[in-house]
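Participant: Encoded as structure tokens, here's the structure I'll be asking about.
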Amino acid sequence: MHALPTWVDSPRKPTQVLQPFIDMQYALLRERAEHGQWVSPQARQTRLDQIEHDYRRDTLALGPPRKPQP
């Protein structure tokens, strides 16, 4: 029998394991947008708004965090 992945025994939902990766992607995309060259300030702001929207969507898709069981 194969060993189960460590997240199976975790009190967190398996999907919650993905949250740190979503956070990291958000931070990297935001930094790239803030320091990139843009044709206008409006284009930059539009991209930042899209990054924010995508982050909220992805975080909500994971569902609420599950509280650890005693």
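Participant: Checking Trp7 against (1) surrounded by fewer than 14 Cβ atoms within 10 Å (Cβ to Cβ); (2) modelled with pLDDT of 95 or more; (3) hydrophobic (A, V, I, L, M, F, W, C): exactly one of these is not met. Which one?
Facilitator: (2)
Participant: Only residues that are among the hydrophobic types (A, V, I, L, M, F, W, C) and either assigned to a helix (DSSP H, G or I) or within 16 Å of the chain's Cα centre (by Cα) (or both): list them for region 29-47, please.
Facilitator: Leu29, Ala33, Ala43
Participant: Right, next: Cβ-Cβ distance below 6 Å, separation of 6 or more or different chains: which pairs start in region 5-28 with a residue that is closer than 15 Å to Ala61 by Cα and in a helix (DSSP H, G or I) and end on one that is modelled with pLDDT of 65 or more and of a type in the set (Asp, Glu)?
Facilitator: Ile22/Asp58
The values are calculated or read from the model by the stated rules, or taken from the named source; none is laboratory data. Predicted model, so just to flag it, every value in this text is computed and none were measured. Here the Cβ is made from the backbone with ideal geometry for all residues, glycine too, and neighbour counts use every protein chain on show.
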